[in-house]
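Notes for the one structure printed next.
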Amino acid sequence: MPVVPLLLALVLGGQLEEHLRVSLTASQGDISVFFTSPFSLLFLCLSVISIVWPFVAQRRRRPTQPGQAKE
């Protein structure tokens, strides 16, 4: 198991949980606040891009086989 993510989880996990609880209390339990805020949407989009990008880059780098049509 990688050490860096484990350390980040140990250091930031408590604060993350506390702030999540506070934000859910402020929004009266409505989780849509995480999807309607412009900052939240920005970070969600960046997260999706950072997850999808390695797969796209690997697909672009893969050499095509002779006789195989390029997609």
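Read-outs throughout are calculated quantities, based only on the coordinates presented, and are distinct from any laboratory measurement. Computed from a prediction, not measured in an experiment: that's the story for all the values here. Here Cβ is always computed from backbone atoms with ideal geometry, including for glycine, and neighbour counts include all displayed protein chains.
Quick notes on this structure:
- Principal-axis tilt of helix 3-26 within the chain, Cα atoms, nearest 10 degrees: 50 degrees
- Placing R0 at 25 angstrom, the Cβ-Cβ distance between residue 44 and residue 7 gives a FRET efficiency of 0.55 after rounding to 0.05.
- Over all Cα atoms in the chain, the spread is summed up by Rg and Dmax: 19.4, 60 Å.
- From its DSSP helices (H runs of at least four residues, each -39,500 (n - 2.57)), the chain gives a residue-normalised ellipticity at 222 nm of -24500 deg cm²/dmol.
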